[in-house]
Structures are given as structure tokens and as C-alpha cells.
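This report concerns only the one structure given below.
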Amino acid sequence: MHHLRAAARGIDLLALAAGALFAVTLAVVAHRHQRLDFADPGPALGAVVITGLALLLLAGLAGIRRLRVHRLWLASAWTAAVLLTGTVLIWYAVMTDTSHTLARGTQVTSMRDTDAYLTRHTPAPVHHVRVPTGVFIQALRFTGPYDVEVSGYIWQRYADSVPAAIERGVVLPEADDSYEPRKVYDVHRDGEHVIGWYFNVQIRQVFDYRTYPLDEQDVWLRLWHPDFESRVQLVPDLAAYPPWRAPAAYGLDANFVPGNWAVKTTSFSYDTPRYSVNFGQGRQYRQEAHPELYFNMHMAREFAAPLFGRIIPLAFIAVLVFASLFVTTKNTRRFPLAGFDGLTVVEFAAAMLLVLTVDHNTARNETGSHGITYIDYVYFCLYFMTIAVVWNALLLSRGPHLALIQWRDNLAPKLLYWPVLAFLLCSITALTFLL
């Protein structure tokens, strides 16, 4: 009975810790948003509330249940199931959230927005020649962690009043040497020249993989005019698109194939960087702010590839590590059937750690991230659980006599394995995506 109560207290404490974690997460989310509207909560906030209430209910039920072994197994399974459900809810909330954008700078969806931004960020005495510019993307492919291949069309409209001395064209600063736009049409109508170029270019950009494999990226085309001295200001040719209402994905080919990515939104935006050089154009250019036009593609990684390539194999490894708890015994009558002792578990764990390490390195190479990503924490959890199982096997077979370990032939670690692993996964998920 004493050992049953100890196991029950362990599950109770774990459930209370999970409930406290979600309560703190809820408070932080409410504080950051300065308000908490339960009538219309966001999907992530809803996941926190539902999971937190479920865990607190579990903590209350766990304390009043009858102390029986089968009830401990039910409590262990329920705790792990609720925690894993909370993790999946947060995944779903992140994948379906459309409330934020990754566009660089300030989005513009109308000429009124464009005029307002340029008025604020352009010196009053400076007069720029405005050139409407549009983008149409036919194909996009990630060729590396920080390299993207993009092809499509860029066009510009030059009014007849624009001096002929002003060069026609667009520069993509992030493009490599493969950028050689090919003029495909040049027509004159309604008092203006419309010039279009086809391009196929490799672009190197910085992406944030901290939330991989649930990451979202902004692939952008930064558009410069080639003539620095002419004071040309590129503006989006919004008249060539339908009315831009977010979330919208305009400027893409109907047969656009982004691979393992999905385009959530596209948008034009402006950013006004301050450069530490004047590009040889004199002191005045260095001091002036010059808004730069961007065409943004907000991309979300398709979850199917990491699900089958990363998460399901890791789940199988977790099951195998859990199964090793059942083949470690000090019962001489069961040993011929089980066949494992402490050292055999160590060998098995070493093989699992080798598999985890190789797979982990593959994931790291896939993102090329210099920091720690979300999937790294998942691997860290499995490292911890594998080492804990090895430590448990050594304590059971060769260590000092510990009552909780020896009780019912290692029952307590079996009861705690999935709740602890689920708690760790749910904790890192909440901390990564909600805080």
C-alpha cells in the first residue's frame, strides 16, 4: 500500500505540474496581449485553456481514486493522453493560425497605404519618379537551408513623361550571378510603356528555423531600380491584381508547385534600411532614407514530410525504449523469458542512442540552423528518457536496494515513463510556440 501511495503521489505531482505550466502559459499570453477575450480566443490560446483545464481536472481525480494497480495504469495512460493531446492541439493551432504575417517591413495593400508610407519615409523636398512594378511567380524551390530558386515575370510601367535617360529594369540584390532577366515584351499603350522580363534566379536569404518542423518562412524579392542617381521610386502595380485582402495569395501561377511548402499569403511591403555606406553617390544619399519595395511569399512547411520522416520514427523509438522496461527483471522465474539484464539494456540503449544521433544530425543538416530548433528539444527528451531507462536498469540489477525501484518488479518507472515523456514534450511545445 505504501508503494501504491508513492506511485499515486508521483502521478498527482506530475499532473499538478502540467496544470501549473499551462496556467502560467495562459497568464503570460494574456499579459502580452494586454487582454483576454474568452468569447473569441485565438486557436493557440484555446488550446492552452482546454489542456490546462483538462490537466487540473485530472489532478483532482487522481487524488481521490482508489489505490489499485490497474487504476494507476489508467491514471498514467490518461495523463499521457491528455498531455499528448495538448501537444497536438498546439501543433494544429500553429498550423492553422493566419493572424500574423512574416512580410518584411510594412505591408501595403492599396495605393493609399503606399502613398502614406512614402510620405512618412521620404524627405519632403525630394521628388521621385514613381514606377509601378509587378511580380508573377511561376515556380519556387528550396535548394538548400538558405537558398531558394525562383522563376517568373517582373514588369514595369513607364509613363511617357519619364525621361528616356532613366534606365529601365529591376535589380534583385540577393540574387547570384545567374540573374539575367530576359525581356519578353515591350508595348506602348495609353501613354505608357509596359516592359516585362522573365527571370530564373538563385536567391540566398536568412531563414528562421527555430520552430522546425512547424516553421514558416518569408521568401522575398527585394526590388531595386538600377539607376541610383535618377531618384526612381518603385511602387507596387496593384492595379494588375485583384483587390488585396489578407489572407490572399496573388501573383502566383495556377500550377505553382512549392514542393513541401504551402503559400499562405503574398504581399507587397516597404522597408527603409539605413546603410552604413553611400554607394559612392555622395554624402546626401548616405543621409537620405530610401524605401525599398519587397514582394513577399509567406510559406508554411507541409507537415506530412516531417511527420513521416521525423516524428513517427521517433515515436517508434520511444515505444522500443519503453518496451525495454518490461524485459528487465530480478525475478529468477521470469528471467529466462525476458532474457535481459542491466548490461543488455545498456547495449540496447547505446544502439538507440546511435540511431537518434544519426537522425538528429540529419535533421540539423536539413535546416543548417546555428541555434536550437524545436525538433532538437524533441531529440533531447528522447536522449533523457533513454538514459533514464538505462539508469533504472542498472539500479534494478546491480545498484543498491531501492524500494520504489524494486516494488512489483520495476512497476513505478513503467507507470511514469509516458507521463514524464508527454509532460516534457508538451512543456517544450508550449514554451516554443506560445511564449
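The values are calculated or read from the model by the stated rules, or taken from the named source; none is laboratory data. Here the structure is a predicted model, which means the values were calculated and not measured. Cβ: placed from backbone, ideal geometry, glycine included. Neighbour counts: every protein chain shown. We work out accessible area using only protein heavy atoms, side chains counted, and drop any ligands, DNA or RNA first. Shrake-Rupley method; radii C 1.70, N 1.55, O 1.52, S 1.80 Å.
With 0.36 nm allotted per residue and the present C-alpha distance subtracted, the Phe228-Thr98 stretch has 43.0 nm of extension available. Working note: Debye formula, equal point scatterers on the alpha-carbon atoms of segment 115-209, no solvent; log10 I(q)/I(0) at q = 0.18, 0.22, 0.25 Å⁻¹ is -0.96, -1.12, -1.22. For the listed peptides 146-155, 315-324, 162-171, a ranking on the average number of other beta carbons within 10 Å per residue, highest first, reads 146-155, 315-324, 162-171.
Based on the alpha-carbon gyration tensor of segment 214-264 and its eigenvalue square roots a ≥ b ≥ c, which shape applies: rounded if a/c is under 1.5, prolate if not and a/b is larger than b/c, or oblate? Prolate is the answer for segment 214-264, as a/c is 1.5 or above and a/b outweighs b/c. Fully extending the segment from His128 to Val187, taken as 0.36 nm per residue of separation minus the present Cα-Cα distance, adds 18.9 nm. When the P(r) is computed for segment 130-265, the part past 19 Å accounts for 56% of the Cα-Cα pairs. Per atom type, segment 111-181 shows carbon and sulfur on 52% of its accessible surface, probed at 1.4 Å.
Extension gain, Ala246-Ile387: 0.36 nm per intervening residue step, less the Cα-Cα distance, totals 45.9 nm. Shown is the FRET efficiency for Arg120 and Ala81, computed with R0 = 45 Å from the Cβ-Cβ distance and rounded to the nearest 0.05: 0.25.
Can you tell me what percent of all Cα-Cα pairs in segment 115-171 are more than 12 Å apart? Result: 78 percent of Cα pairs exceed 12 Å.
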